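Remarks on the structure that follows.
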Amino acid sequence: MHDRGTRSSHVANGNRMDARAVKVGQPRVRGASGKRRRATLVRLFVSGALQMTLLGCTTQNRDAMSIPASGTKMDAYPSVDATLGERLYPDELALADAIGESIERSLRAQYAAGDILRDAHPKAHGCVRAEFRVADTLPEGLAHGVFVPGARYPAWIRFSNGARDATRPDIKGDARGMSIKLQDVPGTSLLRESDDAGQGAIQDFILISHPVFFSNDPRRYLSVVSLASRDSAASKVLIPFHLGLRGALIALKTSRKVISSPLQTRYWSTVPYQLGTGLDRRAVKYSVRACSVVVDPLPTQPAPDFLRGRMRAILNDGDACMEFLVQPRTSPEMSVEDSMTEWQEPDAPFHKVATLHIPRQAFDTKEQNAFCEALSFNPWHALPEHRPLGVTNRLRKVIYDRISRIRHEGTSGGPSSEPR
Ligand code: HEM
């Protein structure tokens, strides 16, 4: 087990180090120097502008983009909680379906020959058994839902890449995903059909290795997804244009991080969730970081899947431990509809509420990898006390469900009786 002591030979690892941490180099972001990045973006925009003139495709056409009638019934789409600051976007439901449809179309094309993988985060670095251990005492106002002092839940954690290419070498910059699934949770989740019959509810927490997300606007997201699904370099050049400068910068920063171990990286929910129900319900965000500040150096000769190798090595030697943090919103200025703006920690500190104990294990087996591939994570696999908030989370409800269903097509009639 790694303790929170320090050792000088380490390289930072996408973590935002806390005050006690070793000051050994910041996360290595390839080609990250501000000047070079600005030059890259200017070059992108200039060529983008050129392309647009050439292709005659301008953002103004975005509104004319054909948005098919929505397949999802209004009652199946999340309602909004105006008290917590939620508000529905125009055409939001139709846009959610259009995004789902665009992703489905491109996945069916991409995987025409075989099993359909996830659209995002398709490459698993490892999927491990764990135990979610809630602290014996919790900060005031945080004891809601699964956060019951002293409670323990069996859990599965899937660590993943970010990009759509499941063969991308780990040494290349990329976002990283961490998906946690708690089982045997008392109560019923919002997507009750996903609960384990007779065994209790399922509570998922889904995080990535960057504190903010690159898009708030479903219309922009649709145009980006449509461009990304086209197989032409020209359309890819247009993506930063459709993301907007802020979105493009966030996407660039997120996708350029290089990590040395998924178990030593920090993750954020980026989008908010409700905590509690009734009058004292509030908005929070989540984060997970390693219990130890020790960060292993990058390998000198990285194998394409070295991150899986790192997890195997650490969990062969002993247990691993990660801290689960909750960040309560401290001001209504902190919008639940804006996942591109970080709630600054000095203004809204994170509080540790639980520990993820990952016991020593040989996780990299054919059976466990296949079991993991079949798992489906969805922010709406959640108790009402942890209801997802904001437009990005509302879109995810229908899109994750849709993509998970096509992934399970032809696999013994969809999600098996194993945890979903
Ligand atoms: C509108 C915005 C988003 C869309 C359309 C989207 C779409 C998707 C889709 C289609 C999947 C695969 C689901 C499956 O096949 O089971 C997925 C997985 C994932 N997404 Fe998103 N996503 C969005 C926002 C986010 C955000 C804000 C986060 C940040 C935490 C995130 C993190 C992840 C992770 C970690 C996975 C992998 C889950 C697993 O391990 O199975 N996504 N996303």
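Tabulated values for the structure
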read-out	value
Projected label distance in nm at Ala233 and Asp91, using a 7 Å step from Cα toward the beta-carbon	3.2
Length added when fully stretched, Glu333-Val148, from 0.36 nm per residue minus Cα-Cα	63.7 nm
Projected-area average for segment 290-373 over all orientations - Cα convex hull basis, square nanometres	8.6
Scattering profile of segment 131-201 at q = 0.15, 0.26 Å⁻¹ [log10 I(q)/I(0), Debye over alpha-carbon scatterers]	-0.69, -1.12
Gain upon complete extension [Ala120, Ala82; 0.36 nm per residue less C-alpha separation]	10.7 nm
Asp347 accessible area, assembled protein chains, probe 1.4 Å, Å²	90
FRET efficiency, Lys366 to Ser255 (Cβ-Cβ, R0 51 Å, nearest 0.05)	0.95
Rounded accessible area of Phe377 (nearest 10 Å², 1.4 Å probe)	20
Potential extension, Glu345-Tyr111 segment - 0.36 nm per residue separation minus Cα distance	80.1 nm
Accessible area (Å², 1.4 Å probe, nearest 10) - Ser223	10
Pairwise FRET efficiency - Lys352 versus Glu409, Cβ, R0 = 56 Å, nearest 0.05	0.85
Heavy-atom surface of segment 282-345, accessible at 1.4 Å and reported per residue (Å²)	38
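The values are calculated or read from the model by the stated rules, or taken from the named source; none is laboratory data. Please read all numbers here as calculations on a predicted model, not as lab measurements. Virtual Cβ from ideal backbone geometry, glycine too; neighbours counted across all protein chains shown. Surface accessibility is based on the protein's heavy atoms, side chains included, excluding ligands, DNA and RNA. Shrake-Rupley method; radii C 1.70, N 1.55, O 1.52, S 1.80 Å.
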